[in-house]
Amino acid sequence: MLILMKGHATREEIARVKDKIAALGYKAHEIPGSLRTAIGITGNRGKIDRDLFVTMGGVEDAFPVTKPYKLVGRDAKSDNTEIRVGERRIGGNELAIIAGPCSVESWDQLISTARIVKEAGAQFLRGGAFKPRSSPYTFQGMKEEALVLLREARAETGLKIVTEVKDTTTLSAVAEVADVLQIGARNMSNFSLLEAVGELRTPILLKRGIAATIEELLMAAEYIAARGNLNVILCERGIRTFEPATRNTLDLNAIPVIKKLSHLPIIVDPSHGIGMWEGVPAMALAALAAGADGLMIEVHPHPSEALSDGAQSLKPEKFKSLMERVRALATVVGRTVGEGAP
Ligand code: PEP
Ligand code: MN
């Protein structure tokens, strides 16, 4: 059930509703909106009597949620959620540009890429430390050593760090460095990991599973939200289809569909989506035209020498020229592009 508070409901009225939910043995989730606060109830098995709440002070309405996701759905919040990452916001008017190498490979590789993407206008530096690879014989990431380098790169450039957490064992180490914790496509249904990051308040970049439906993606986000972390950014990164010409099929339909179903921001990763660098700029621009809240792009100073995903990584000059087109398109779609970093 979802309880909609009146626009002018007081903190005390909100607290009384939450106390009543707790007294019934359920969990209350406060979802602040720009006009009003909603309170989601989870933990109930049967129906809840709405009369228990509609008579309370400050309550506008109470209704059952028909969708399987209660907290991340549009019912809970009609305005879009903006997620704060320090002084940045993801999901507001400003597009979030996340760029960097697939994997951290060395200090020189990381810092040179960081400077390039910052100069071109990115605000977030990506770089994998713990890499979930399809083959156990390929590069698995520099692990803890990469975390140290990411921390240094943030200190030098001011870029916010986006890096993947692969399992619960390494979560605390990765969370110490990450401004945004990435959950990879292969882990979208790793429910223990989703629950563990749900206990944090760090923003989570949740990538769509390789063969996951949009509803399954939203349910994965709900796992995180149900534990109290509503700071979830969704990421469309392509799904597996019958088409072998590209690594994945970037599902741009997901953007308007998710905008309709959920209040969470959605960004797009065209690098994994198409899997070939030549196609990345076109799909990046298409994603923004379709309403994406940002992009995650793989950039490498020497893609042919990359230890992972070189074929889909942009060279620095290609990223720079893409960013010029992103700025031009942003004005057409009524969005802004921030500066590289403070
Ligand atoms: C990545 O971002 O480098 C990555 C491994 O992505 P995905 O989980 O989408 O495959
Ligand atoms: Mn990659």
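The values are calculated or read from the model by the stated rules, or taken from the named source; none is laboratory data. Computed from a predicted structure; not experimentally measured. Cβ placement follows ideal geometry from the backbone for every residue including glycine, while neighbour counts extend to all protein chains displayed. SASA here: full protein model, heavy atoms, side chains in, ligands and nucleic acids out. Shrake-Rupley method; radii C 1.70, N 1.55, O 1.52, S 1.80 Å.
Taking the listed residues V197, V180, the one that is touching a residue at least 60 places away in the same chain (Cβ under 8 Å), out of contact with any His (no Cβ under 7 Å at 6 or more places or on another chain) and of a type in the set (V, I, T) is V180, with no other qualifying. Per this entry, L95 is not counted among residues that are within 16 Å of ligand 1 (Cβ to nearest atom) and either assigned by TED's automatic domain parsing to the domain that holds P303 or among the basic types (K, R) (or both).
Restricting attention to the range 45-56, the residues being more than 16 Å from A9 (Cβ to Cβ) and either out of contact with any strand residue (DSSP E or B) (no Cβ under 9 Å at 6 or more places or on another chain) or acidic (D, E) (or both) number 5.
For the range 95-150, the candidate set comprises residues that are part of a helix (DSSP H, G or I) and of a type in the set (D, E, K, R); within that set, the residue that is nearest to S304 (Cα to Cα) is D108.
One residue stands out among those in the range 273-301 that are farther than 24 Å from R335 by Cα and touching a residue at least 60 places away in the same chain (Cβ under 8 Å): the one that is nearest to ligand 2 (Cβ to nearest atom), which is H300. Taken as a whole, the range 248-265 holds at least one residue that is within 16 Å of ligand 2 (Cβ to nearest atom) and either closer than 25 Å to S103 by Cβ or buried (at least 18 other Cβ atoms within 10 Å of the Cβ) (or both).
From the list E82, E119, E105, the one residue that fits, being within 16 Å of ligand 1 (Cβ to nearest atom), open to solvent by 10 Å² or more (accessible area, probe 1.4 Å) and modelled with pLDDT of 95 or more, is E105.
Table: residues versus (1) in contact with a Lys or Arg (Cβ under 8 Å, 6 or more places away or on another chain); (2) acidic (D, E); (3) within 15 Å of ligand 1 (Cβ to nearest atom); (4) modelled with pLDDT of 95 or more.
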site	(1), (2), (3), (4)
C235	yes, no, yes, yes
G238	yes, no, yes, yes
A287	no, no, yes, yes
D293	no, yes, no, yes
